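Student: Right, I'll just put the structure down here and ask away after.
None of the figures in this text is laboratory data; all of them are computed from the coordinates on show. Keep in mind the model is a prediction, meaning the values are calculated, not measured. All Cβ positions, glycine included, derive from the backbone under ideal geometry; neighbour counts span all protein chains shown.
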Amino acid sequence: MTLHGNEQDNCGNQAVKSRKPRLAALIGPTAVGKTAYSLEIAKRWNAEIISGDSMQVYKGMDVGTAKLPLEEREGIPHHLIDICEPEHPFSAAEFQERCRELIAEITARGRLPFIVGGTGLYVESVCYEYEFAETGSDEAFRAEQQRFAETHGAEALHARLKLVDPASAERLHPNDLRRVIRALEVAHLTGVTMSEQLAGQTKTSPYDLCLVGLTMDRQKLYDRVDRRVDLMLEEGLADEVRRLLERGVPENAVSMRGLGYKEIVPYIRGERTLEEAVRLLKRDTRHFAKRQLSWFRHMRGITWVDVTDERNFSGNVQAIHDILAGKFENQLEYICNQSFFDGGNGQ
């Protein structure tokens, strides 16, 4: 249902027309518990979830991306999951374009668009209407950087980026060769670093935006990371990586450079033991969580909820709800969905 002007809603309340479409986002580091909280909030707020994860877009990459199975989504629509083949180099600009379309469609259905994920650039590019510059490409330059990495190692190329663009080097893992090379290429082509371009964004939102961040004690988060990795191995992560290689997905594909894949490939190839692969995966994932938190700390407008006490799940859900209510309390869906507190199922 779409409301205009001062029309009444189905609850008999006067509806106030918002000047901007509403958008909620739940962000936080990997393994902090975003999925469980997002389901409860989506039910209360008549929301459709948009995955803000750069890896869940890929088909056939389920275990390593901690993708929520369809049967566990509780009937809540989830978008931008399983939308492209792992050979496709999905980008932040492509995410932004698709997300904008989805937000308009979900809003037109009278529901709340709800981004949930931990890929900072992806989420921020939508929330604050980033403009991705058309900087072109220099294939010879890219090839030169690739050869340098193959000869001297990914760490050496990352050190080169650190000299040119320290801020980008801070947020990019040395093994993320494609993005490291792209950051070097942007500086090479434009004379302006990628981090400077990002800092120069106006960061005004085209949406009536509510950003909620989840955080917890650092050591507890790292323990959850380790448990998640162990669970992924139990659920068949190594077999998933093996299937992808057998079907011909290149090792240097963007998808295969993601956490859980780049560490396991050498094990599949017989180049390292499983124990070493798991040790590296846990280490890299902890480092990734740290970089995520660093990115989010620089984002504007986030209200943080500490979810360290896992026994207080319902209280944490209520805290997230209250933040959204404080932002959207005059809006139709909040008024109508009070029934959720009386046992409504939201479907």
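Student: Need one number: convex hull volume per residue for the chain, Cα atoms only, in Å³.
Tutor: Working: hull volume 48.0 nm³, N = 347.
Residue-normalised Cα hull volume stands at 138 Å³.
Student: OK, next. Taking amide H positions as placed 1.01 Å from N in the peptide plane, with prolines and chain starts having none, which residues 5 or more places from Ile50, or on another chain, fall under 5 Å of its amide H?
Tutor: Placed amide hydrogens put His79, Phe114, Ile115, Val116 under 5 Å from Ile50.
Student: So for Glu150, Glu129, fewest C-beta neighbours within 10 Å to most, what's the order? Mind dumping the intermediate values first?
Tutor: On the way: Glu150 11, Glu129 16.
Ranked by crowding around the Cβ, least crowded first: Glu150, Glu129.
Student: Another one. Between Gln219 and Thr151, what length in nm is gained on full extension when 0.36 nm per residue of separation is reduced by their alpha carbon distance?
Tutor: Values: separation 68, 0.36 × 68 = 24.48 nm, distance 3.64 nm.
Taking Gln219 through Thr151 to full extension adds about 20.8 nm, to one decimal.
Student: Okay, next question. Sort Leu209, Leu259 by Cβ crowding within 10 Å, fewest neighbours at the top. Mind dumping the intermediate values first?
Tutor: Working: Leu209 19, Leu259 22.
In order of increasing Cβ crowding within 10 Å: Leu209, Leu259.
Student: Please report the antiparallel percentage of DSSP beta bridges with both residues in the chain, rounded to the nearest 5. Write out the running numbers ahead of the final one.
Tutor: On the way: 1 of 24 bridges.
Taking every DSSP beta bridge with both residues in the chain, the antiparallel ones total about 5 percent.
Student: Once phi is turned into ³J(HN,Hα) by the Karplus curve 6.51 cos²θ - 1.76 cosθ + 1.60 with θ = phi - 60°, what whole-Hz value does each residue of the range 216-231 show in order, with x for glycine and proline?
Tutor: Karplus values, whole Hz, x for Gly and Pro: 7, 3, 4, 5, 5, 4, 5, 5, 5, 4, 4, 5, 5, 4, 4, 5.
Student: Also, I was wondering about something else. Provide the FRET efficiency to the nearest 0.05 for the Glu144-Asp309 pair, computing r from the beta carbons and using R0 = 56 Å.
Tutor: On the way: r = 51 Å, r/R0 = 0.91.
Calculated value: 0.65.
Student: Positive end of the charge dipole of the range 72-136 (Lys, Arg +1 and Asp, Glu -1 on Cβ, about the Cα centre): tell me which of Gly110, Val123, Phe90 has its Cα farthest that way.
Tutor: Gly110
Student: Still on this model: For the range 139-199, what are the per-bin percents of Cα-Cα distances with bins 5 Å wide, up to the bin holding the maximum?
Tutor: The distribution over the range 139-199 is 4, 21, 35, 25, 11, 3, 0, given as percents.
Student: Apply the a/c threshold of 1.5 to the C-alpha gyration tensor of the range 214-303 and tell me whether it is rounded, prolate or oblate. Please list the in-between numbers first.
Tutor: Working: a/c = 2.63, a/b = 1.74, b/c = 1.51.
In terms of gyration-tensor shape, prolate.
Student: What FRET efficiency comes out for Glu246 versus His287 if R0 is 35 angstrom and r is the Cβ-Cβ distance? Round to the nearest 0.05.
Tutor: Working: r = 29 Å, r/R0 = 0.84.
FRET efficiency, Glu246 to His287: 0.75.
Student: Per the Kirkwood definition applied to all pairs of different Cα atoms, how many angstroms is the hydrodynamic radius of the range 58-164? Write down the numbers at each step before the final one.
Tutor: Numbers: mean 1/r = 0.0585 Å⁻¹.
The answer is 17.1 Å.
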